[in-house]
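Take a look at the structure below.
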Amino acid sequence: MKKFKIKSYIIKVKENISNLKKSIISRYKEFSPKKYPKVALLLVLLAATAVLGSTAYYTGIIDSFMKDQGPTIEVIQEEPEEKTIPSVIPEAPDVIGTPSLPKEEKKVPKDINVVDESPNLTFPADGEIIREFGFNYSKTYKDYRFHDGIDIEVPEGASVQAAAAGKAVTVSYTEIDGYTITIDHGSYLQTQYKHLCEVDIARGDTLEQGQVIGKINNPDSYLHFSISHKGDNQDPTTYLFYEQ
């Protein structure tokens, strides 16, 4: 039996397994498996041993190197902090007050039918009130009836004056009432004068307060004076200004 002497093969640092296999195979390629089956088997075992040995060798070199470098520095990789979502939704803060825009003042259209201030009406004639506003006995009609104004007893030939400035809207005549003058003072306020014997104005005239509009010449005569607002009769004494 032929003896073969196999030299030991030292794996060099940085020599990978592929180079190792090539080196072993190239160095011992003269060993044919057919001619030397045991030698071929031995080579396979040596290759396997070389692979395992290289792993151990490299491991030993790394361990030795780390020991020579001093204490091992352990690097700890921090794991990303997990953000937790609270399971309970925080309550909304108490609302002290809700800001609000300033309220716009609504302008109410002025009613032209409303008298802002009752005008100070002057007495239309000098005399004494003999019949007041309301239900009274009528000497003319000989019964009790509603009296829509006041009766002022005046001397014969007395002048009748406009109680306030305004415009004459009617001038009429009847045998019972004599001449009747109606003056409009604006704001739906009107004054009426009855039992006149003479008139000094005409319909449509613009009048001033205190202006003479007619006369009463008959004896035992009186002036019937009435006030209406929006067609409703008013108590003249609530409008008349009494001079001291």
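Conditions tested, residue by residue: (1) hydroxyl-bearing (Ser, Thr, Tyr); (2) surrounded by 20 or more Cβ atoms within 10 Å (Cβ to Cβ); (3) at pLDDT 95 or above.
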residue: TYR141; (1), (2), (3): yes, no, no
residue: HIS147; (1), (2), (3): no, no, no
residue: ALA163; (1), (2), (3): no, yes, yes
residue: GLY166; (1), (2), (3): no, yes, yes
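Would you tally the residues in the stretch 154-201 being hydroxyl-bearing (Ser, Thr, Tyr) and farther than 26 Å from ASP220 by Cα? Spell out the reasoning first.
Taking the stretch 154-201 as the starting set, the residues that turn out to be hydroxyl-bearing (Ser, Thr, Tyr) are 159, 170, 172-174, 179-180, 182, 187-188, 191, 193.
Keeping just the survivors that are farther than 26 Å from ASP220 by Cα gives 187-188.
The total comes to 2.
So if I check each of THR174, THR182, THR191, which one is buried (at least 17 other Cβ atoms within 10 Å of the Cβ), without any contact (Cβ under 8 Å) to a residue 24 or more places away in the chain and of a type outside the set (A, V, I, L, M, F, W, C)?
Exactly one residue qualifies, and that residue is THR182.
Evaluate the stretch 210-230: report whether one residue or more is among the hydrophobic types (A, V, I, L, M, F, W, C) and either free of Cβ contacts under 8 Å to residues at least 60 places away in the same chain or not assigned by TED's automatic domain parsing to the domain that holds ALA158 (or both).
So in the stretch 210-230, the residues among the hydrophobic types (A, V, I, L, M, F, W, C) come out as 212-213, 216, 223, 225, 227.
Add one more test, that the residue is either free of Cβ contacts under 8 Å to residues at least 60 places away in the same chain or not assigned by TED's automatic domain parsing to the domain that holds ALA158 (or both), and what stays is 212-213.
Within the stretch 210-230 (the criterion being among the hydrophobic types (A, V, I, L, M, F, W, C) and either free of Cβ contacts under 8 Å to residues at least 60 places away in the same chain or not assigned by TED's automatic domain parsing to the domain that holds ALA158 (or both)), the answer is yes, since at least one residue qualifies.
From the residues in the stretch 193-225 that are small (Gly, Ala, Ser) and within 14 Å of THR170 (Cα to Cα), which one is nearest to the chain's Cα centre (by Cα)? Spell out how you get there, then give the answer.
If we filter the stretch 193-225 for residues that are small (Gly, Ala, Ser), which is where we start, we get 202, 204, 210, 214, 221.
Those left that are additionally within 14 Å of THR170 (Cα to Cα): 202, 204, 214.
On the way: ALA202: 59, GLY204: 53, GLY214: 63 Å.
For the stretch 193-225, the residue satisfying everything is GLY204.
The values are calculated or read from the model by the stated rules, or taken from the named source; none is laboratory data. Everything quoted here is computed from the prediction, not taken from an experiment. No Cβ is skipped: glycine too gets one built from the backbone with ideal geometry, and neighbour counts run over all protein chains shown.
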